[in-house]
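A short worksheet on the structure shown next.
Nothing in this text is a laboratory measurement; each read-out follows from the coordinates by a stated rule. Since the model is a prediction, treat every value here as computed from it, not as a measurement. Positions of Cβ are backbone-derived with ideal geometry, glycine not excepted, and every protein chain shown enters the neighbour counts.
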Amino acid sequence: MSLLVAALFLLNLVLVRDVQAQPTSSPRVHVGTTSVIGTTGPDTVEFFGGLPFAQPPLGNLRFRSPVPVTTLGGSMFNATNWGAGCPQVLDTLPGPVLSEDCLNLNIFRPAGTKASAELPVMVWIYGGDFRIGAAASYNGSTIVARSATRGTPIIYVNFNYRLGSLGFPTGFEADEKKALNLGLRDQIAALSWIQENIEFFGGDKHKVALFGESAGAISIADLFLNSDLENYVHGAIFESGTMGTNRLLLPSDGQGLWTSFLSMIPACANTSTTFDSFECLRNVPVEEIVTAHAAAVATTVVGWTPVIDGPGGFIPDLPSKLVAEGHFSRIPFISGTNLDEGTLFVDPSVATTDDLRLYIASQLPGISDPAQMNATVDRMMELYPDDPALGSPFGTGNETFGLSIEWKRGTAISCDVNFSGVRRGWTQAASKFGVKTFVYLFNDPQLDAGFLGIPHASEVSYVYGTPTITFVTPGSPEAFAALSPVIMDYWISFASTLDPNDGKGVKRAHWEQFTPTHQALMQLHAHNVTMIPDDFRVAPIAFINDYAPYFGH
């Protein structure tokens, strides 16, 4: 099990601890002619779960675009339980209930909300490398309760989308049959349902803000490129991910992964060249598919992630080209990263300069010429010198945690190539086109994190107001108690007003807008929430962004 997969596994297990609420009453909402029965939890937050937004992607609908469902049907719908999560490798381990019938969403709202309330809506998209994750792992009760307490009540929604090969099939057949980026299509189907029905729950369909972390943030960023996202949302928050965080490849680049996947399913092993693997796979038990796609991804550097799907698709071209030309939705957003995003993504076995060169080469899918590859790797080695004090975890001096100096160099490179660099490039480009943009750097120390530093996903606990919601232990209880309300207030304020500075909730620093002439970000640190210049690692990040196609950005 890789370091990343182990971290995702732990994250998924820890998240589910907080999702159960003991019902004290049964609120009802009328959606058309259907009476939807929910529950009220201890925080006076009402919950409605498992609401289908598309037909179950079973049988003939497997490996097809979602078929939207905008009405519930029947006179009554029991919404007292979470909807099942989509099939994934964790289906034999403790965690959310999983089923292929998983295209459902869950709603939290302040108790007593009237249908006429017109409350802003915050919609969460979970992360997990597009391989694991479930809506049931994220309980929005604390966010909703806080929004009501601060006098700016909101409605919280999350939903499931297909994962792995079921959500992101790749290769020539998927391209020809228009079956690419199905998970992104699921997300649009969920947003369509919200537009059609959120008013019945007291929500304002014109004030929907998306927020997500990791694959969730990447999804939102990808939807900015060509999904008419402005028809569904008015704001967005990207936590540790933008378009390009996952290298964007062509479907043809994934043919090896698809062939390897099929080879592990005996009934369909010979269909990779006949363009009828989908028909075969529709008759295979879903458990066999999940086992195969989990094993196949370990055989290649290509993953089950969104791909460039060409003209008319969600991702018509490399994001760097589209963004530079202004081909993206002009939706206001917050975007940020954690200090040590790269520590989860570089194998600790990286120990020599040769190991590091191989790692850097793996981050350059846009280079095929060996001479150009060597020259680019050489330049990256110069930009990230063999000084442990410059490596990640940043700010740890010469400490190497028993690992190699080359590993610290690699984690710094990973942070900038996949997170900090693409974030800076995205915010610079968007602000140049006049998009209202706010940027943050989360650098609150985590307890006992060791070589992970302040890693990927560590901010999620603070956003949800729940210390146990990630696999790392947040800072001291006092620090968490001080910083988490600040972050929640910024997020809730932005979702409601498209400005994190509504003056409600705790007293906090004024968050200045990022502009071409004022490139600054908010430092989210329990003892020093303040604006700082966005000027760290200027030269290496500029190189990464200047040669973005080399990195699949």
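Ranked by Cβ crowding within 10 angstrom, fewest neighbours first, how are VAL302, VAL290 ordered?
Arranged by neighbour count, lowest to highest, VAL302, VAL290 become VAL302, VAL290.
For the chain, list the DSSP H helices whose alpha carbon atoms reach 27 Å or more along the long axis and whose average Kyte-Doolittle value is -0.5 or above?
What comes out of the filter, once short or polar helices are dropped, is 477-497.
What FRET efficiency do you get for ASN374 and LEU447 if R0 is 45 Å and r is their Cβ-Cβ distance, rounded to the nearest 0.05?
The computed FRET efficiency comes out at 0.60.
So how much slack lies between THR468 and ARG282, counting 0.36 nm per residue of separation and subtracting their Cα-Cα distance, in nm?
My answer for the length gained is 63.1 nm.
Over the alpha carbons of segment 482-553, what is the largest minus smallest coordinate on each principal axis, giving the biggest first in Å?
44, 26, 23
Classify segment 260-299: rounded, prolate or oblate, from the alpha-carbon gyration tensor (a ≥ b ≥ c, eigenvalue square roots; a/c under 1.5 rounded; otherwise prolate if a/b is larger than b/c)?
Oblate is the answer for segment 260-299, as a/c is 1.5 or above yet b/c matches or exceeds a/b.
What number comes out for the charge environment of MET522, summing +1 per Lys or Arg and -1 per Asp or Glu over other residues with Cβ under 11 Å away?
Its environment carries a net charge of -1.
Over the residues of segment 398-553, compute the C-alpha Rg and express it relative to 2.2 N^0.38 Å.
1.11
Taking the Cα centre of segment 281-413 as origin and charging only Cβ (+1 Lys, Arg; -1 Asp, Glu), how large is the dipole, in debye to the nearest 20?
For this selection, approximately 380 debye.
7 Å from Cα along Cα→Cβ at both PHE401 and MET76: what's the point-to-point distance in nm?
Roughly 5.4 nm, to one decimal.
Listing HIS327, HIS525 from the residue with the fewest other Cβ atoms within 10 Å to the one with the most, what is the order?
If I rank by nearby Cβ atoms, fewest first, I get HIS327, HIS525.
Straight-line reach only, C-alpha to C-alpha below 18 angstrom: list the lysines that LYS408 could link to, leaving out same-chain residues fewer than 8 apart.
none
Using alpha-carbon positions, what is the distance between the centroids of segment 46-121 and segment 161-204, in Å?
Segment 46-121 and segment 161-204 have Cα centres separated by 13 Å.
Set the Förster radius R0 to 35 Å, insert the Cβ-Cβ distance between LEU58 and ALA324 as r into 1/(1 + (r/R0)^6), and round the FRET efficiency to 0.05.
0.25
Report the gain in length on full extension from SER476 to ASP228: 0.36 nm times residue separation, minus Cα-Cα distance, nm rounded to one decimal.
85.0 nm
In the chain, which Cys residues have no partner Cys with a Cβ closer than 4.7 Å?
Cys with no partner Cβ under 4.7 Å: CYS415.
Here are several values of Cα Rg over 2.2 N^0.38 Å: (i) 1.31; (ii) 1.02; (iii) 0.92. Which one was derived from the coordinates shown?
Only one listed value fits the structure, namely (iii).
Each residue of segment 227-238 in turn: what ³J(HN,Hα) in whole Hz from Karplus with 6.51, -1.76, 1.60 and θ = phi - 60°, glycine and Pro shown as x?
10, 6, 4, 4, 7, 10, 9, 10, x, 8, 10, 9
Could you please state, rounded to a whole Å, how far the C-alpha centre of segment 460-501 is from the C-alpha centre of segment 393-408?
Taking the Cα centre of segment 393-408 as reference, the centre of segment 460-501 is 28 Å away.
Sorted from fewest to most neighbouring beta carbons within 10 Å, what does the list SER116, SER26, SER404 look like?
With the sparsest Cβ surroundings first, the list reads SER116, SER26, SER404.
Per residue of the chain, what 222 nm ellipticity follows from adding -39500 (n - 2.57) for every DSSP H run with n ≥ 4, rounded to the nearest 500?
Dividing the helical sum by the residues of the chain leaves -9000 deg cm²/dmol.
Can you tell me how segment 419-502 classifies by the Cα gyration tensor, rounded, prolate or oblate, using a/c under 1.5 as the rounded cut?
Because a/c hits 1.5 or more and a/b fails to exceed b/c, segment 419-502 counts as oblate.
How high is the FRET efficiency from PHE275 to LYS504, r the C-beta distance, R0 45 Å, rounded to 0.05?
The value I calculate is 0.20.
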